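Undergrad: Have a look at this one.
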Amino acid sequence: MNIRHIFRALRNAAPRALALALVLCGVAAAARAADVTDVIARVKHSVVAVGTFERGRTPAFQFRGTGFAVGDGATIVTNAHVLPGVMDPVRNEVLAILTPGAGNEGQVREVARLAVDPGSDLALVRLDGAPLPPLKLRASDGVQEGQAILITGFPIGAILGPFPATHRGMVSAVTPIAIPQGRAADLNPALIRRLSGGSFPVFQLDATAYPGNSGSPVYDPVTGEVLGIVNMVFVKGTKEAALSEPSGITYAVPANHLAALLRSAVREEAKK
């Protein structure tokens, strides 16, 4: 075969090779989309609404934020600020979670406070009875800027109802939770406490979160492993203290803080 025949063979093969490559890329993309769909479906079984329940009140379940199951499935994680400061014992108001169900209804289950870490604004509550499917935590030291993430929770849950919604995005920055301000006028008590008590890195996300998403898991789209916990109040109070109007930026507390709180809770339980 001379050089002319070789070039002709390559020219004829190129369109077929390109078509095959496009087909294989399409198959791979479809497989990735199917995998993400499966991961979201699995994670949704572990995500709950967190609030209070009072029989006779309308609505009986008062939505406050989002939580998710970890560990043995009977431990629910949320933000500390999601838990109510006081409840009405006269009206038998109790701390509760709402697990999404068929139609517009969900199952309300009472929970008890287990542990609270004001420093990271994380809290654990304990669920009696049948556990939920727990989510696995991943060490958050390896999280990198540009990494893809998903968030599943209850945005504006009191209005939109018990239907967990998922948003996608990426880690835009790994940034300190508080930065010293150039002007004393930009300081507030929360920022001063954070700067004096020790700043730590948080994840800045480009995914949109809304009131009600506080406590939502931030997780890997491929494995479903939790990388962080959405925080819409605690972080903004220090990170954006100088702004007259809050931005639309979403923040998350790294999962390492949750792992530390879980270890502390296990030690306390072992002492009892």
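The values are calculated or read from the model by the stated rules, or taken from the named source; none is laboratory data. All values derive from a computational prediction rather than experimental measurement. Please note: Cβ atoms are built from the backbone with ideal geometry, for glycine as well, and neighbour counts cover all protein chains shown.
Undergrad: Kindly list the number of the only condition in (1) surrounded by 10 or more Cβ atoms within 10 Å (Cβ to Cβ); (2) modelled with pLDDT of 55 or more that fails for Leu20.
TA: (2)
Undergrad: Of all residues in the stretch 115-139, which are within 14 Å of the chain's Cα centre (by Cα) and surrounded by fewer than 22 Cβ atoms within 10 Å (Cβ to Cβ)?
TA: Result: Pro134, Lys136, Leu137, Arg138.
Undergrad: Scan (1) closer than 23 Å to Pro162 by Cβ; (2) at pLDDT 95 or above for the single condition Ala209 breaks and write down its number.
TA: So Ala209 meets the others, but not (2).
Undergrad: Of the residues Ala74, Ala49, Ala112, Ala60, which single one is aliphatic (A, V, I, L, M) and at pLDDT below 95?
TA: Among Ala74, Ala49, Ala112, Ala60, only Ala60 is aliphatic (A, V, I, L, M) and at pLDDT below 95.
Undergrad: In the stretch 149-169, which residues are part of a strand (DSSP E or B) and more than 13 Å from Ile229 (Cα to Cα)?
TA: Listed by number, the residues that qualify are Ala165, Thr166, His167, Arg168, Gly169.
Undergrad: Go through the residues of the stretch 132-148 one by one and say whether even a single one is in contact with a Lys or Arg (Cβ under 9 Å, 6 or more places away or on another chain) and not in a loop (DSSP other than H, G, I, E, B).
TA: yes
Undergrad: Can you confirm whether Ala242 is modelled with pLDDT under 70, among the aliphatic types (A, V, I, L, M) and surrounded by 12 or more Cβ atoms within 10 Å (Cβ to Cβ)?
TA: Answer is yes for this residue.
Undergrad: Among the strands (runs of 3 or more DSSP E) confined wholly to the stretch 35-114, which include 3 or more residues that are surrounded by 14 or more Cβ atoms within 10 Å (Cβ to Cβ) and among the polar types (S, T, N, Q)?
TA: Because the criterion is at least 3 residues that are surrounded by 14 or more Cβ atoms within 10 Å (Cβ to Cβ) and among the polar types (S, T, N, Q), the strands (runs of 3 or more DSSP E) in the stretch 35-114 that meet it are 75-79.
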